[in-house]
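Peer 1: Following this message is one structure expressed as structure tokens.
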Amino acid sequence: MIPYARQSIDDDDIRAVEAVLWSDWLTTGPAVPAFEAGVAAFARTGNGVAVSSGTAALHAMYHVLGIRPGDEVLVPAITFAATANAVCYMGGTPVFVDVDPHTLLIDPADLERKITPRCRAVVGVDYAGQPCDYDTLATICREYGLTLLADACHSLGGADKGRPVGTLAAMTAFSFHPVKHITSGEGGMVLTDDADLARRLRRFRNHGIDTDARERERLGSWHYEMVELGFNYRLSDINCALGLSQLARLPAFLARRREIAAFYDAALANATDIFPLAVRPQAVHAYHLYVVRLAGSVDRKAAFQALRAAGVGVNVHYVPVHLHPYYRERLGTGPGLCPHAEAAYERILSLPMFPGLLDEQAAQAAETLIEAAKTCHA
């Protein structure tokens, strides 16, 4: 089976992890700030704060923003559930916004319709690796006094109008899960140009304590104070060593992803029942996913099964979050709330996309999809 995504590990990665295992620091050591600085420099952002997952990054952003019970945060309906779930961790309420039917990015018009006096923030989700229209989102946020956040767990290495992802919002969350652009095993990071926000993010990831073990070692002190209720969201030196090693190959990973996307674009150009998602003008796509929509005449479930049977590990990203049982029961959401997202969900497939994908595997995926679309009738 050709997977839809997988990690790419080499000998340098293994040596980097081995070096940490032989060192004095397995956690809260020097590999952590080195990884943070490396990612921040790549994204041309002032501060990086490494945490244990992309979900932890989202939770940390909502915490330092001060989301409380009664507050609302606007999130797109097409995203991984964590974007909304972390709002609930804070006692806040996610408000689900429909998406543009051509890109599946958050729809600014529906966003503005759903703003209430209880809204505190907007989260742009860079679905599949394509940056949102942050200029338009920022204009809306300024008008209504909202904070703009970025869930960029799909878009490390992307850009909009020449500005890299990581610089387009007050805080930006990344994920380093094995299917992402680089991996630290599990892991995430928040980028921000605000040094005070970075300080508070570091405190939150460490139980709300004002110093960490390495800092106390450097100062020759045992004393620490817990000044707020935080979480253990630290990322170990083992993870950060792997992430830092992977970061050196990120430009090559991105180039290969874009090469695969260009191949799929060309292979599917003449298909009358398969439609790749549109790319916004001036957006630089990072291609975490390559997503297509099938025409209504194609039975998506049958096509999915045919591709899997042929050894092509397609997937579907995502079930609209407001249709999950938890949100239906907790918030009373359901069909009709975000019609573009709901219609897209019935038609989308994600094709294999990862740097190690061979040309012949990409060709197999495209050819099998074209054949399935012809034979799997709704």
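No value in this document is a laboratory result; all are computed from the given coordinates. Quick caveat: nothing in here was measured; it's all calculated off a predicted structure. Positions of Cβ are backbone-derived with ideal geometry, glycine not excepted, and every protein chain shown enters the neighbour counts.
Peer 1: So, Ser175, is that one in contact with a strand residue (DSSP E or B) (Cβ under 8 Å, 6 or more places away or on another chain) and of a type in the set (Gly, Ala, Ser) or not?
Peer 2: Answer is yes for this residue.
Peer 1: Still on this model: Going through Leu111, Leu104, Leu156, Leu168 one at a time, which residue ends up being surrounded by 20 or more Cβ atoms within 10 Å (Cβ to Cβ), hydrophobic (A, V, I, L, M, F, W, C) and not in a loop (DSSP other than H, G, I, E, B)?
Peer 2: Leu111
So that you can scan it fast, the table gives a plain yes or no per residue for (1) out of contact with any Cys (no Cβ under 6 Å at 6 or more places or on another chain); (2) among the β-branched types (Val, Ile, Thr); (3) closer than 24 Å to Tyr127 by Cα; (4) in a helix (DSSP H, G or I):
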{"position": "Arg6", "(1), (2), (3), (4)": "yes, no, yes, no"}
{"position": "Ala16", "(1), (2), (3), (4)": "yes, no, no, yes"}
{"position": "Asp24", "(1), (2), (3), (4)": "yes, no, no, no"}
{"position": "Thr28", "(1), (2), (3), (4)": "yes, yes, no, no"}
{"position": "Pro33", "(1), (2), (3), (4)": "yes, no, no, yes"}
{"position": "Ala41", "(1), (2), (3), (4)": "yes, no, yes, yes"}
{"position": "Gly48", "(1), (2), (3), (4)": "yes, no, yes, no"}
{"position": "Ala56", "(1), (2), (3), (4)": "yes, no, yes, yes"}
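Peer 1: Considering only residues that are of a type outside the set (A, V, I, L, M, F, W, C) and closer than 19 Å to Gly38 by Cα, look in the stretch 249-265 and name the one that is surrounded by the fewest Cβ atoms within 10 Å (Cβ to Cβ).
Peer 2: Filtering first and then ranking leaves Pro251.
Peer 1: Name the residues in the stretch 1-57 that are under 25 Å from His207 (Cβ atoms), in contact with a strand residue (DSSP E or B) (Cβ under 9 Å, 6 or more places away or on another chain) and among the charged types (D, E, K, R), would you?
Peer 2: Correct list: Glu36 only.
Peer 1: Which ones in the stretch 252-274 are without any contact (Cβ under 8 Å) to a residue 12 or more places away in the chain and outside any loop (DSSP other than H, G, I, E, B)?
Peer 2: Ala255, Glu259, Ala262, Asp265, Ala266
Peer 1: For Ala43, state whether it is under 21 Å from Asp196 (Cβ atoms) and not polar (S, T, N, Q).
Peer 2: Here the answer is yes, as Ala43 does meet what is asked.
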